[in-house]
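The values are calculated or read from the model by the stated rules, or taken from the named source; none is laboratory data. Predicted model, so just to flag it, every value in this text is computed and none were measured. As a convention, Cβ positions derive from the backbone with ideal geometry for all residues, glycine included, and neighbour counts pool all protein chains shown. Please note that ligands, DNA and RNA were not included when accessible areas were found on the heavy atoms of the full protein model with its side chains. Shrake-Rupley method; radii C 1.70, N 1.55, O 1.52, S 1.80 Å.
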Amino acid sequence: MQRHRFDYLLAKQLSDKLSVEETAELADLLENNAELKAEYQLLQQYWNRKETHNLRDEVLFKRVLTRIELPATLPNINRKRSLGRLTAAAAVMLLVVSAVFSSYWLWSNQEQEFSTAHQQKSWMLEDGTVVILNAASSLKYPKTFDSLTREVYLTGEAFFKVAKDKKRPFIVRTEQAHLKVLGTSFNLRAYPDENKTETSLIEGVVEVSLNKKMTKTVRLKPSEKLTIYRSATKESLLAKQQVERSNISFFHPKDTLSIETSWLENKLVFKNTPFEELARTLERKYDVEIEFQGKRAPALRFNAVFEQEDIGQILKALKMASNFGYQQASDKILIYD
């Protein structure tokens with residue numbers, strides 16, 4: 001909703017048709033959305049012909065002007081007058097280009113990627129934020145954060161200890177949601193082959209916004225967890241996202257290490273976990289492929305803690321807890337009812 005409204009107000013401002021009420025609305029929108037504010041300032045910078053040392057942004061801005069069929073070399077004095085003569089079709093094109101510009105501008109500065117295969121890795125970003133990636137995960141981030149925000153994109157699972165910076169919120173984007181924090185510690189799990197995204201807050205405050213419903217924001221407190229369930233089909237995902245708020249969990253009541261962050265100590269902790277979900281974790285950690293035959297085995301649920309065991313020992317232990325069969329050949333495992 002904010003994105004569409006921003007595009008509409010921006011188009012009216014550039015064609016000099018913004019009312020007093022709409023001017024106030026745009027100012028309020030920019031004040032409360034660092035991402036939109038950054039885009040607006042960049043557009044204003046080039047529209048007013050201010051100098052820049054960022055060649056990438058200059059090329060991008062000229063591309064925007066080209067797509068709305070407005071010369072990039074248009075003199076300052078004629079810009080507003082020329083924009084005022086934009087046809088309705090050109091105005092619509094501006095809205096479309098603005099959306100394309102937003103997406104391109106947001107991620108074109110993601111110059112680096114930090115990833116893992118079947119192990120954990122830790123990394124410190126240039127602002128001092130510490131990130132620990134779990135197996136089969138990746139983090140995209142800019143070489144240098146800008147002056148307004150610190151933004152990264154996560155696929156997989158990671159633990160963040162965010163450096164405090166009151167002037168620049170730290171934003172983590174995933175396919176399902178994005179998180180906004182100032183200085184805090186939290187665990188974020190967003191594997192593409194799982195049907196949910198989990199945010200577990202350890203300390204500080206996190207605001208979680210759903211990508212499909214940007215107007216809905218959930219503010220978490222320490223020891224709280226937010227789970228966003230992915231719908232079975234793309235069509236239903238666009239229509240509705242299921243959200244569940246709960247507390248982080250422990251295997252035993254007296255445990256001090258939560259299940260959500262147990263992987264940081266190289267532990268595999270499962271509590272009432274479906275076999276199918278458990279298998280995905282084993283695949284990522286042990287570099288194996290697990291295939292199910294039958295409908296009963298994938299739905300089996302397990303409570304277990306593993307530390308130093310290899311994949312063979314884990315399968316034997318699980319088999320003792322519940323009746324199923326399996327065959328293991330090299331890096332492929334077949335599990336059947």
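The table for this structure:
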| item | result |
| --- | --- |
| So Leu125, is it modelled with pLDDT under 90 and under 24 Å from Asp7 (Cα atoms) | no |
| Given (1) at pLDDT 90 or above; (2) in a loop (DSSP other than H, G, I, E, B), number of the condition Arg219 does not satisfy | (2) |
| Extreme residue, most open to solvent (accessible area, probe 1.4 Å), among residues of segment 281-306 that are within 31 Å of the chain's Cα centre (by Cα) and among the basic types (Lys, Arg) | Arg301 |
| For Asn266: the one exception among (1) at pLDDT below 95; (2) on the phi < 0 side of the Ramachandran plot | (2) |
| Which numbered condition Glu309 misses (of (1) at pLDDT 90 or above; (2) more than 30 Å from Val206 (Cβ to Cβ); (3) open to solvent by 90 Å² or more (accessible area, probe 1.4 Å)) | (3) |
| Residues being farther than 14 Å from Arg173 by Cβ, surrounded by fewer than 19 Cβ atoms within 10 Å (Cβ to Cβ) and not charged (D, E, K, R) - total across segment 130-148 | 4 |
| Boolean, Leu257 is within 24 Å of Leu188 (Cα to Cα), in a helix (DSSP H, G or I) and either open to solvent by less than 50 Å² (accessible area, probe 1.4 Å) or modelled with pLDDT under 95 (or both) | no |
| Restricting segment 112-136 to residues that are in contact with a Phe, Trp or Tyr (Cβ under 8 Å, 6 or more places away or on another chain) and polar (S, T, N, Q), the residue that is farthest from Gly204 (Cα to Cα) | Gln112 |
| Residue in segment 177-188 that is at pLDDT below 90 and open to solvent by 40 Å² or more (accessible area, probe 1.4 Å) present | yes |
